[in-house]
Amino acid sequence: MAFPETHERETRTLLSRHMGEEEARTLDGWRERGGYGALEKALEMEPDEIVTTVKESGLRGRGGAGFPTGVKWSFMPEKGDDPHYLACNADESEPGAFKDRELMRWTPHLLIEGCVIAARAIQAEHVYVYVRGEFFEVIRILNRAVTDAYEAGYLGEDILGSGWGCDLTVHVGAGAYIAGEETGMLSSIADGRAEPRIKPPFPAQSGLFGDPTTVNNVETLSSVPMILDNGADWYRQWGSDDSPGTKLWCCSGHLNRPGNYELELGMPLKDIIHDVCGGVPEGRQVRAVFPGGSSTPILSRDELDCETTYEGLSEAGSALGTASPIVMDESTCIVRAMRRVAHFYAHESCGQCVQCREGTAWVTKILERIERGGGEMEDLDTLYDLCEQMTGKTICVLADSVVFPLESSLDKFRDEYEAHIKHDRCTATA
Amino acid sequence: MPEEENSDLVSLTIDGVEVQVSEDSTVIEAAEKAGVVVPHYCYHPGIPTRPAQCRVCLVEVEGQDKLQPSCKLPVQDGMEVHTDSDDAELARKSVIEFLLVNHPLDCPICDAAGQCMLQDYAFETGQLQSRLNEEKLVMGRDRIADDILYFADRCIICTRCVRFMREVAQDDSLVVAQRGDRAYIDTFPDEDLDNPFQGNIVDVCPVGALVHEDYLFKARAWDMDKTPSICPGCSNGCNVTLDTKENQIVRLKPRYNGEVNSYWMCDYGRKHLVMGNRGVRTEVPLVRQGGELEPMDWSDALAAVGERLGGIEGGSAVVSPDACNESLHYFRRLLDTLGVPADAGSYRVEQGEEHTLPGFPKLTLREDRAANGTGADLFGFRRVESWPEPEPGAPLFVLQETLREAPESYAEDASFFLYLGSHLSPAARRADAVLPVTTFAEMAGTFTNHEGRVQRFQKALQPPGIARPAWMVLSGLLARSGDGSPVLDAADAFGEMTDERPEMAVLNWGRVGLKGQTLDSGAGAEAGAGAR
Amino acid sequence: MSDEVELHPAVAGAQPYMRAETQGENSAPEDAPLFDDGAGRERLEKVLSRYPTRRAALLPLLNYAQERNGWVSRPAMKEIAGELDLTPAYVHSVATFYTMYNQRPVGKYLIQVCTNISCDLCGGEEVLERFLEETGTRPGETSEDGLYTVMEVECLGACGFATVVQVNDEYYEDVTPERVPEILDELD
Ligand SMILES: Cc1cc2nc3c(=O)[nH]c(=O)nc-3n(C[C@H](O)[C@H](O)[C@H](O)COP(=O)(O)O)c2cc1C
Ligand code: SF4
Ligand code: SF4
Ligand code: SF4
Ligand code: FES
């Protein structure tokens, strides 16, 4: 399980600088690389100043929603007697995404440092890092790092003699994508079943154990130390006004060089596919791409010029999501791909909302039938109707997550669906 | 629905109708006030949490782009809500369609048919068929308690049952297992529910997924008659509805009373009546003549009894704590006429274990397993552990106490033994006259519960033979000796009782209504309020 | 848990819990208790020390049950319920929400093949087929020798290295059908 050779070193600039270096995982190795310097700096800053710096950097949440991180931190109430919590979302389960795993297995101390700085900013006394259960390798590495960080005084009651401290606990999940949705994750920790709950109240008002809580993604928190080290302006030299900085892109599917690449935000999608990832194998053409993970609207070959910023992808009718393009070449049956995606969301629905519980399963069954042969043209109308009724009506957006790719694929690949129905099999890939 | 306290009122419009509600209400409650029932499954007014998970109560609110769950949405001053907009109606319709996706549509054999919220709404939205071309998920049925079955295929995972158990019964032994469309309701494997209030989960279930095995296929909801009544199981006096069919009680269902039992009742109360109505009924008056009990019609029987009573002075009496206030009243009057000393009348109450419903402690299955011990007390009867053996050679008067548990020789030596009762036990057969009276279900009257709340019950069944309410029989008997006139109507009996009893003067038949009135409910001042 | 170093409480609830050491023929009998020895008590205390409520220790303790016994048995759920002041039904509800808890013993090697979109595009289904073929099992079923249980799994979060296969607590990346026999050979 070595770091794959397919990674292009020159694209690794900031976050992923030390990926692939065994020693960076150890505390000493990390210190040699300047680790925990940002924390020392943060300990001399007031919480407000940290929040302001991160706000000014324009850093946006990397968990999928892209909410500005500093702004989110500023929603935390004034610290009173109630504890504050930071929950680090390391549940990474969106199909297509595999960046947090890499961050944690190569640079666990970077995450710890980011967590402690964020905890200071929001005055949290305890950080829970919720790691998806399957990530055993990550867990071993992270556990080692956390133990060492406690030993060295980067965690605990009185961090580096500052008089301020916080705890960090690694909490391990057990196989549920919905535990990645923020309120689902808080339910998973506090109550067991990862059932999202209706907002408001937002976690900053009433989160973990009913107390003010901020939820942040691994990549978001891992980006914080360098921002404190170098300042907001430094960070803003990359990317656009609304999408500053760099971002890990998880590229998978039909690519010659799939993998994680750290890129300045804004590179055209087609360049990521063709230049960074070496294009699709055997000289085939791209048929379609889910640009931000399987829950983002599908883009067809003609739409790949868009800039990979939050705003660029949204203008293109899709979303940056988890920045995880899943590339499908000409050999791909769109019906099958969509069926596979729908199956996932049906499998992962927590089951509370009727539209989601029944809708995801129903959509999957229809797609299965069309794929098998046995579809009817009316099925497409039914699918559109179901999409409409699953949009914006549920507790969380898992139901919408199947609608985005499905509805867009119906719009853009209708002829393929129709041909598949007519011939009872895929003709597009023949 | 929270009673309106003194909290501030806000006003909003529901489909154009302006309503004022307290500021801590939700939109669904405000809508109800405006006369609009928004379909709902997971919301139940008696269960504290509002998970807003079934998503059927979605409404449109001006200024908000997404539809909002009205069961959870707090009201705001000036809010404009549309429950009937196209989007809201379509969303609702689609929830029904989604629910029908895996629903077996076995209404013809479903116990809930006729009182099913899925059937109702599906009917309203004109959508009894689903477009589903796929195979339905089949999960089958399961026993979750010794008398409750769970039909997983009908379940819509509203979690009302789970939340009733968790939050109201505070017994966390019913849960959702699995997730997504594989989710179902479950207990710990191989362990049944065992809670004295678990029967309520059947009532809260909006569909036919939870069913009392005893009632399975017994009767369809629409061919049962429903009569407001009071549970006679204990002194709590829970408000219930008697569901009857072919002159039989099929089941009891709780009826909302925020002062007594909320939306709930206990399992003992459910079973006690349905199971406990055994024994030989008295159907016609019987008067002893030449050693034998001879059947007679009422006028002959009353004449014969009146004649015998003429020569009587003193004696003792036994009453049942199941007798209603009105019957006890006339019985006391009769005893006074006959010179029976006040302390010579006694009653005994069967005792049982007490169980409190934690989420609504006013609902407690009381140790006193009879409806009207408080009434018996009020009319001066003495509470005893076991009835004193009647004095040999003296008269004995019994009202509705079956004497089933009396010793074999009980009342053998009474000089005269008058028995007014609904059942013929061995001891009762020793009576000189047996006057058949109705059970509470066959008449109207009132009970006084443990905290002095006087509550009315109505007639649900036809009595057997020519049995009559005891208050009617007794007032007739008194009238024969010139004491008043026969009373034929429960309201009149009640009126006479409250006129004659100062401690009952605050009571008013209309005000007692369906929710009851307490004896200490402030004299005079508001007495007329409910007179209509 | 046999590690030389003492577990820091911060990570005590976060130990890998799908281990060949406790699966297959090594899985504990249904009634193997969790907390009646020193190791069990110590784990319990450490985990509890990290949360303000007992209930929050539920996942860490279910993980521990599987780490120790290879699966989550009914007596284990009851024991955990007892320690956390929960009902066994509640624990059952939580345990069945998650897909990683084995409700019954599995083979010594639990082989989970990702067939989600990225892996599917790169031949995940064929890899799954090959594993089933080589082990002579059907999905979810344990081979007669008790060695293998093969099943399909949702995205494992390593999509760039498709097809991804998880064997107990280890990932195998870039797996092709051709590599399957070799992987199985390595296991034993
Ligand atoms: C169904 C669903 C699954 C999600 N899964 C994840 C996840 O695995 N990891 C993650 O960081 N965020 C996930 N999110 C997003 C989180 O809810 C939340 O927005 C994020 O963790 C916030 O962190 P950020 O502001 O740093 O992005 C998910 C959201 C939804 C609706
Ligand atoms: S939308 Fe789906 S996953 Fe989200 S809360 Fe509702 S049922 Fe659960
Ligand atoms: S059994 Fe009835 S009350 Fe319980 S979740 Fe199912 S439908 Fe709701
Ligand atoms: S508590 Fe008493 S009155 Fe209420 S239902 Fe039970 S037995 Fe009947
Ligand atoms: S799709 Fe296989 S690891 Fe993500």
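The values are calculated or read from the model by the stated rules, or taken from the named source; none is laboratory data. Everything numeric in this text was worked out from a predicted model, so none of it was measured. Using ideal geometry, Cβ is built from the backbone for each residue, glycine included, and neighbour counts are taken over all protein chains shown. To get the accessible areas, we keep the full protein, side chains included, count just its heavy atoms, and leave off ligands, DNA and RNA. Shrake-Rupley method; radii C 1.70, N 1.55, O 1.52, S 1.80 Å.
For (1) surrounded by fewer than 21 Cβ atoms within 10 Å (Cβ to Cβ); (2) within 14 Å of chain C (Cβ to nearest Cβ); (3) more than 16 Å from ligand 2 (Cβ to nearest atom); (4) at pLDDT 95 or above, each residue gets a yes or a no:
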residue	(1), (2), (3), (4)
B:Leu252	no, no, yes, no
B:Val260	no, no, yes, yes
B:Gly269	no, no, yes, yes
B:Met275	yes, no, yes, no
B:Leu286	no, no, yes, yes
B:Met296	yes, no, yes, yes
B:Ala303	yes, no, yes, yes
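Are any residues in the range A:133-150 within 8 Å of another protein chain (Cβ to nearest Cβ) and of a type in the set (Val, Ile, Thr), and if so, which ones? Scanning the range A:133-150 gives A:Ile139, A:Val146, A:Thr147. Checking A:Ala342, A:Ala346, A:Ala316 one by one, the residue that is of a type in the set (A, V, I, L, M, F, W, C) and under 17 Å from A:Met267 (Cα atoms) is A:Ala316 and no other. Note on the range A:282-309: residues that are more than 25 Å from A:Glu92 (Cα to Cα) and part of a loop (DSSP other than H, G, I, E, B) amount to 5.
Here A:Thr69 meets the list (1) surrounded by 24 or more Cβ atoms within 10 Å (Cβ to Cβ); (2) within 14 Å of chain C (Cβ to nearest Cβ) almost entirely, failing just condition (2).
Listed here are the residues, each with its yes/no results for (1) open to solvent by less than 10 Å² (accessible area, probe 1.4 Å); (2) more than 10 Å from ligand 1 (Cβ to nearest atom); (3) not assigned by TED's automatic domain parsing to the domain that holds A:Thr107.
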| residue | (1), (2), (3) |
| --- | --- |
| A:Ala152 | no, yes, no |
| A:Ser162 | no, yes, no |
| A:Asp167 | no, yes, no |
| A:His171 | yes, yes, no |
| A:Met185 | yes, no, no |
| A:Ala190 | no, yes, no |
| A:Phe209 | no, yes, no |
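Taking every residue in the range A:373-387 that is of a type in the set (Val, Ile, Thr) and pairing it with any residue that is part of a helix (DSSP H, G or I), at least 6 positions away or on another chain, the pairs with Cβ-Cβ distances below 7 Å are A:Thr382/A:Ile366. If only residues of the range C:1-44 that are over 20 Å from the mean Cα position of the chain (by Cα), within 14 Å of chain A (Cβ to nearest Cβ) and loosely packed, with under 13 Cβ neighbours inside 10 Å are counted, the one that is farthest from A:Cys166 (Cα to Cα) is C:Glu4. Scanning the range A:153-179 for residues that are of a type in the set (Gly, Ala, Ser) and more than 19 Å from A:Met104 (Cα to Cα) returns A:Gly153, A:Gly156, A:Gly161, A:Ser162, A:Gly163, A:Gly165, A:Ala176. Just one of the listed residues (C:Arg50, C:Arg68, C:Arg54, C:Arg19) is in contact with a helix residue (DSSP H, G or I) (Cβ under 8 Å, 6 or more places away or on another chain), modelled with pLDDT of 95 or more and closer than 16 Å to C:Gln103 by Cα, namely C:Arg68. Does the range A:221-234 include one or more residues that are in a loop (DSSP other than H, G, I, E, B), open to solvent by 10 Å² or more (accessible area, probe 1.4 Å) and touching a residue at least 12 places away in the same chain (Cβ under 8 Å)? Looking for residues that are in a loop (DSSP other than H, G, I, E, B), open to solvent by 10 Å² or more (accessible area, probe 1.4 Å) and touching a residue at least 12 places away in the same chain (Cβ under 8 Å), one finds at least one in the range A:221-234, hence yes.
Among residues belonging to the range C:98-149 that are assigned to a loop (DSSP other than H, G, I, E, B) and among the small types (Gly, Ala, Ser), point out the one that is surrounded by the fewest Cβ atoms within 10 Å (Cβ to Cβ).
Among those residues, the one meeting the criterion is C:Gly140.
Restricting the range B:170-208 to residues that are open to solvent by less than 30 Å² (accessible area, probe 1.4 Å) and of a type in the set (Phe, Trp, Tyr), the residue that is nearest to the other protein chains (Cβ to nearest Cβ) is B:Phe188. Can you say whether C:Glu182 is open to solvent by 10 Å² or more (accessible area, probe 1.4 Å), at pLDDT below 95, assigned to a helix (DSSP H, G or I) and away from ligand 4 (no atom under 16 Å from the Cβ), as far as the supplied structure shows? No, not satisfied.
The set of residues from the range A:151-181 being more than 7 Å from chain C (Cβ to nearest Cβ) and of a type in the set (Val, Ile, Thr) comprises A:Ile159, A:Ile178. Could you check A:Thr107 against (1) open to solvent by less than 10 Å² (accessible area, probe 1.4 Å); (2) farther than 17 Å from A:Asp229 by Cβ and say which number it fails? The single condition A:Thr107 does not satisfy is (2).
Can you confirm whether C:Met77 is open to solvent by less than 30 Å² (accessible area, probe 1.4 Å), without any contact (Cβ under 8 Å) to a residue 40 or more places away in the chain and either closer than 22 Å to C:Pro105 by Cα or outside any helix (DSSP H, G or I) (or both)? Yes: the conditions hold for C:Met77. Taking the criterion of being part of a helix (DSSP H, G or I), facing chain B (nearest Cβ under 9 Å) and surrounded by fewer than 23 Cβ atoms within 10 Å (Cβ to Cβ), the residues of the range A:367-388 that qualify are A:Glu368, A:Arg369, A:Glu378, A:Asp379, A:Thr382, A:Asp385, A:Glu388. The set of residues in the range B:66-80 that are within 33 Å of the chain's Cα centre (by Cα) and part of a loop (DSSP other than H, G, I, E, B) comprises B:Ser70, B:Cys71, B:Lys72, B:Leu73.
On the given criteria, is A:Leu313 under 20 Å from the mean Cα position of the chain (by Cα), outside the structural domain of A:Tyr177 (by TED's automatic domain parsing) and not small (Gly, Ala, Ser)? Yes: the conditions hold for A:Leu313. Would you confirm whether any residue within the range A:389-396 is part of a helix (DSSP H, G or I) and within 13 Å of ligand 1 (Cβ to nearest atom)? Looking through the range A:389-396, none of the residues is part of a helix (DSSP H, G or I) and within 13 Å of ligand 1 (Cβ to nearest atom). For B:Leu99, the criteria (1) assigned to a loop (DSSP other than H, G, I, E, B); (2) within 10 Å of another protein chain (Cβ to nearest Cβ) hold in every case but one, which is (1).
Filtering the range C:150-178 to residues that are within 14 Å of chain A (Cβ to nearest Cβ) and part of a helix (DSSP H, G or I) leaves C:Cys159, C:Gly160, C:Phe161. Among the residues of the range A:330-358, those identified as more than 24 Å from the chain's Cα centre (by Cα) and not hydrophobic (A, V, I, L, M, F, W, C) are A:Glu330, A:Ser331, A:Thr332, A:Arg336, A:Gln355, A:Glu358.
Okay, residues lined up against (1) in contact (Cβ under 8 Å) with a residue 60 or more places away in the chain; (2) more than 16 Å from ligand 3 (Cβ to nearest atom); (3) more than 30 Å from A:Ser294 (Cβ to Cβ):
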site	(1), (2), (3)
A:Gly35	yes, yes, yes
A:Ala42	yes, yes, yes
A:Gly63	yes, yes, no
A:Ser74	no, yes, yes
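Can you tell me how many residues in the range A:156-198 are within 11 Å of ligand 2 (Cβ to nearest atom) and assigned to a loop (DSSP other than H, G, I, E, B)?
Here the count works out to 8.
Every listed requirement among (1) farther than 26 Å from A:Asp385 by Cα; (2) open to solvent by 80 Å² or more (accessible area, probe 1.4 Å) is met by B:Asp111 save one, (2).
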